[in-house]
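Data block below; observations after.
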Amino acid sequence: MSTPSDHLLRAHAPIATEAWKAIDDEATQRLTPLLAGRRLADWEGPGGWPHSATSLGRTGPLDGPPPGISGEEVRVRQRRVLPLAEIRVPFTVARAELEDVQRGALDLDFDDLGRAARVAAEIENRAVVHGWPAAGIAGITETSPYPAATLGTDCQQYPSIIARAVDTLRCNGIEGPYGLAIGPAGYTRIVETTEHGGYPLFDHLTRILGGTIVWAPGVDGAVVVSRRGGDFLLDVGQDLSVGYSHHDADAIGLYLEESFTFRVVEPDAAVALH
């Protein structure tokens, strides 16, 4: 969660300072465990709401100088950039609930905020791992040059499958430590499984990776990635923040907003599992 900026119109909301703090704290608590993509990629930002694009450090050709300008010796190029995408996920809070904040209530009903947090996190996670073509984002799994391995549902096979993925990265000069980002169903299978001899599968896989296993809502299957740094870049303009939309006598319309883009610097640093 970033510091709110003026475009979020928070000053126009009929919400007291204590209630805003409760909303922001709840949003942070809900979002932190959900944002798996941020545990896979290097963070750039936040650049703020005006930040519109990230430089790719490359240029593309132009047909020539402006019309009416002669000179074949003139060399013209155009800088290539990746525009940031904006997301806004609306939610509502009851005015009565916010009034209870000032009375000292602790058991607040912010369920719709929880829903919005999950949607926002899943959008970011999915863009990072699987891409977002409409936003010009190529994800980790679609840029990986290696054949995708089949993970399946038999957890007893997971150690050998993930060990082979790690070996693929290592043999291609990609150093560790390595991490595994896996969707909720697969993550649950891992944490609930004990191998022969009573050894937790989670611990076994962590030893193979030399890194962490990341619970990744919004992700299909899984992906093994290098955690050495520099391979994946998440460029954030406006970090996830709560803004104000409208209100009536009973409820206040708010939203979670973010602007970001993502790029894969080293496609060789990931193996997709499905």
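The values are calculated or read from the model by the stated rules, or taken from the named source; none is laboratory data. Note that the structure is predicted; figures quoted are calculated from it, not measured. Because the Cβ atoms are built from the backbone with ideal geometry, glycine has one as well, and the counts that use them run over all protein chains shown.
General observations
- Pairs are defined by a Cβ separation below 7 Å, a sequence spacing of at least 6 or placement on different chains, a first member in region 88-114 that is farther than 14 Å from residue 21 by Cα, and a second member that is basic (Lys, Arg) and surrounded by fewer than 17 Cβ atoms within 10 Å (Cβ to Cβ); the pairs so defined are 91/115.
- Restricting attention to region 77-130, the residues that are aromatic (Phe, Trp, Tyr) and either in a helix (DSSP H, G or I) or farther than 17 Å from residue 34 by Cα (or both) add up to 1.
- Boolean, residue 230 is out of contact with any Cys (no Cβ under 9 Å at 6 or more places or on another chain), under 23 Å from residue 135 (Cβ atoms) and surrounded by fewer than 17 Cβ atoms within 10 Å (Cβ to Cβ): yes
- Counting only strands (runs of 3 or more DSSP E) wholly contained in region 152-259, the ones carrying 1 or more residues that are closer than 30 Å to residue 19 by Cβ occupy 232-236, 241-247.
- Residues in region 169-200 that are of a type in the set (S, T, N, Q) and in contact with an Asp or Glu (Cβ under 7 Å, 6 or more places away or on another chain): 172 alone.
- Residue, farthest from the chain's Cα centre (by Cα), within region 147-162, restricted to residues that are small (Gly, Ala, Ser) and under 11 Å from residue 271 (Cα atoms): 149
- In the set 61, 83, 50, 90, only one residue is out of contact with any Pro (no Cβ under 8 Å at 6 or more places or on another chain) and at pLDDT below 95; that residue is 61.
- Qualifying residues in region 46-82 (those that are in contact (Cβ under 8 Å) with a residue 24 or more places away in the chain and surrounded by fewer than 13 Cβ atoms within 10 Å (Cβ to Cβ)) - the one farthest from the chain's Cα centre (by Cα): 79
- Residue within region 241-255 that is crowded, with 19+ Cβ neighbours inside 10 Å, of a type in the set (Phe, Trp, Tyr) and more than 17 Å from the chain's Cα centre (by Cα) present: yes
- The set of residues in region 106-117 being crowded, with 17+ Cβ neighbours inside 10 Å and either out of contact with any helix residue (DSSP H, G or I) (no Cβ under 8 Å at 6 or more places or on another chain) or charged (D, E, K, R) (or both) consists of 116 alone.
- Candidates 188, 206, 193, filtered to the one that is surrounded by 13 or more Cβ atoms within 10 Å (Cβ to Cβ), modelled with pLDDT of 95 or more and not aromatic (Phe, Trp, Tyr): 206
- Test: residue in region 46-56 that is on the phi > 0 side of the Ramachandran plot and either among the charged types (D, E, K, R) or not in a loop (DSSP other than H, G, I, E, B) (or both): no
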